[in-house]
Amino acid sequence: GAVVSQHPSWVICKSGTSVKIECRSLDFQATTMFWYRQFPKQSLMLMATSNEGSKATYEQGVEKDKFLINHASLTLSTLTVTSAHPEDSSFYICSARDILAGGGLYNEQFFGPGTRLTVL
Amino acid sequence: AQSVTQLGSHVSVSEGALVLLRCNYSSSVPPYLFWYVQYPNQGLQLLLKYTTGATLVKGINGFEAEFKKSETSFHLTKPSAHMSDAAEYFCAVSVILTGGGNKLTFGTGTQLKVEL
């Protein structure tokens, strides 16, 4: 149980184009999903917290107009990198919190396998 | 503000040897602490967590960690390393948000290498 998928697993795009990454909770409902980015050999940096049916909360320094997050259902959140540039190349990881597993206090998040974005 | 510090970005052990990965936390309130493992090009998998109760926490794959409030530590150990343990390990603390809810703050990670 508690499986989170991401699609695509890797993507290469040209500079200036937009890329959409999907994050799905496959066997549970997630009121909250989190988006992280990870540079090579570095830790995960939280970009934004996505709550179903409401606007995402972005961390300081993250451009909300560049990284569009939509959380339209309890099982799907999307991250769109708009007008991507080479500096946006990174590993993007989502996670989801299971509302039925007492995740509110313990904040147990289930992580997706990540999406490798390369912008040429 | 809550934070975690992982000492040693790289740790190398021989197969069968003890694994010790260090994590110290800073928190003004009782912390919730986690250890995650990440294999190359994959997401994170929860190894174990401490919330309340017993301070020695056992996780998957033979790992365990002990919460020591007096030392503000949550070190990860495994008695006997296996080649398959080679991965990146992250310590994390749950941060309570003023508006409700919480989020994870991760340490910088420790790369574990297991040698024959």
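The values are calculated or read from the model by the stated rules, or taken from the named source; none is laboratory data. None of the values given here were measured: they were computed from a predicted structure. Cβ placement follows ideal geometry from the backbone for every residue including glycine, while neighbour counts extend to all protein chains displayed. When the accessible area is computed, the model is the full protein with side chains, heavy atoms only, and any ligands, DNA or RNA have been set aside. Shrake-Rupley method; radii C 1.70, N 1.55, O 1.52, S 1.80 Å.
In the stretch A:104-116, the qualifying residues are those that are surrounded by fewer than 21 Cβ atoms within 10 Å (Cβ to Cβ) and modelled with pLDDT of 85 or more, and the one that is nearest to the other protein chains (Cβ to nearest Cβ) is A:P113. Every condition in (1) surrounded by 20 or more Cβ atoms within 10 Å (Cβ to Cβ); (2) away from chain A (no Cβ under 12 Å) is met by B:T72 except one, and the failing one is (1). Among the residues of the stretch A:29-47, those identified as open to solvent by less than 20 Å² (accessible area, probe 1.4 Å) and more than 10 Å from chain B (Cβ to nearest Cβ) are A:A30, A:M33, A:W35, A:M47. Every listed requirement among (1) in a strand (DSSP E or B); (2) touching a residue at least 24 places away in the same chain (Cβ under 8 Å); (3) more than 14 Å from every other protein chain (Cβ to nearest Cβ) is met by B:E66 save one, (2).
For the stretch B:81-92, the tally of residues that are farther than 30 Å from A:S90 by Cβ and open to solvent by 60 Å² or more (accessible area, probe 1.4 Å) stands at 1.
Please enumerate the residues belonging to the stretch A:39-66 that are of a type outside the set (D, E, K, R), over 19 Å from A:S89 (Cβ atoms) and without any contact (Cβ under 8 Å) to a residue 12 or more places away in the chain.
Taking the stretch A:39-66 and keeping what is of a type outside the set (D, E, K, R), we get A:39-40, A:42-51, A:53-54, A:56-58, A:60-62.
Checking which are over 19 Å from A:S89 (Cβ atoms) leaves us with A:49-51, A:53-54, A:56-58, A:60.
Answer for the stretch A:39-66, where residues must be of a type outside the set (D, E, K, R), over 19 Å from A:S89 (Cβ atoms) and without any contact (Cβ under 8 Å) to a residue 12 or more places away in the chain: A:T57, A:Y58, A:Q60.
Here A:S77 fulfils each of the conditions (1) in contact with a Ser or Thr (Cβ under 7 Å, 6 or more places away or on another chain); (2) within 14 Å of another protein chain (Cβ to nearest Cβ); (3) under 21 Å from B:A92 (Cβ atoms); (4) modelled with pLDDT of 90 or more apart from (2).
Determine if the stretch A:89-103 includes at least one residue that is away from every other protein chain (no Cβ under 13 Å), open to solvent by 20 Å² or more (accessible area, probe 1.4 Å) and in a loop (DSSP other than H, G, I, E, B). Checking the stretch A:89-103: at least one residue is away from every other protein chain (no Cβ under 13 Å), open to solvent by 20 Å² or more (accessible area, probe 1.4 Å) and in a loop (DSSP other than H, G, I, E, B).
Out of all the residues in the stretch B:13-52, which are open to solvent by 70 Å² or more (accessible area, probe 1.4 Å) and either under 13 Å from B:G107 (Cα atoms) or among the polar types (S, T, N, Q) (or both)?
Initially, the stretch B:13-52 is screened for residues open to solvent by 70 Å² or more (accessible area, probe 1.4 Å), giving B:15, B:18, B:22, B:28, B:30, B:40-42, B:45, B:52.
Listed by number, the residues that qualify are B:R22, B:S28, B:N41, B:Q42, B:Q45, B:T52.
Of the strands (runs of 3 or more DSSP E) that lie entirely inside the stretch B:1-61, those containing 3 or more residues that are touching a residue at least 12 places away in the same chain (Cβ under 8 Å) and not acidic (D, E) span B:3-7, B:10-14, B:19-26, B:33-38, B:44-50.
Could you list, in sequence order, the residues of the stretch A:1-30 that are in a loop (DSSP other than H, G, I, E, B) and of a type outside the set (A, V, I, L, M)? If you could, list the steps in order and put the result at the bottom.
First pass over the stretch A:1-30, keeping only residues in a loop (DSSP other than H, G, I, E, B): A:1-3, A:8-9, A:14-18, A:26-29.
Those that are in a loop (DSSP other than H, G, I, E, B) and of a type outside the set (A, V, I, L, M): A:G1, A:P8, A:S9, A:K14, A:S15, A:G16, A:T17, A:S18, A:D27, A:F28, A:Q29.
Scanning the stretch A:56-75 for residues that are open to solvent by 20 Å² or more (accessible area, probe 1.4 Å) and closer than 19 Å to A:R116 by Cα gives A:V62, A:K66, A:L68, A:I69.
Screening the stretch B:6-47 for residues that are more than 11 Å from chain A (Cβ to nearest Cβ) and at positive phi and picking the one that is nearest to the chain's Cα centre (by Cα) gives B:G8.
Take the conditions more than 14 Å from every other protein chain (Cβ to nearest Cβ) and at pLDDT below 95 and apply them to B:T51. Does it pass? First the steps, then the outcome.
Values: more than 14 Å from every other protein chain (Cβ to nearest Cβ): no; at pLDDT below 95: yes.
No: the conditions fail for B:T51.
Take the conditions (1) on the phi > 0 side of the Ramachandran plot; (2) open to solvent by 70 Å² or more (accessible area, probe 1.4 Å); B:G62 misses just one of them, which is (2).
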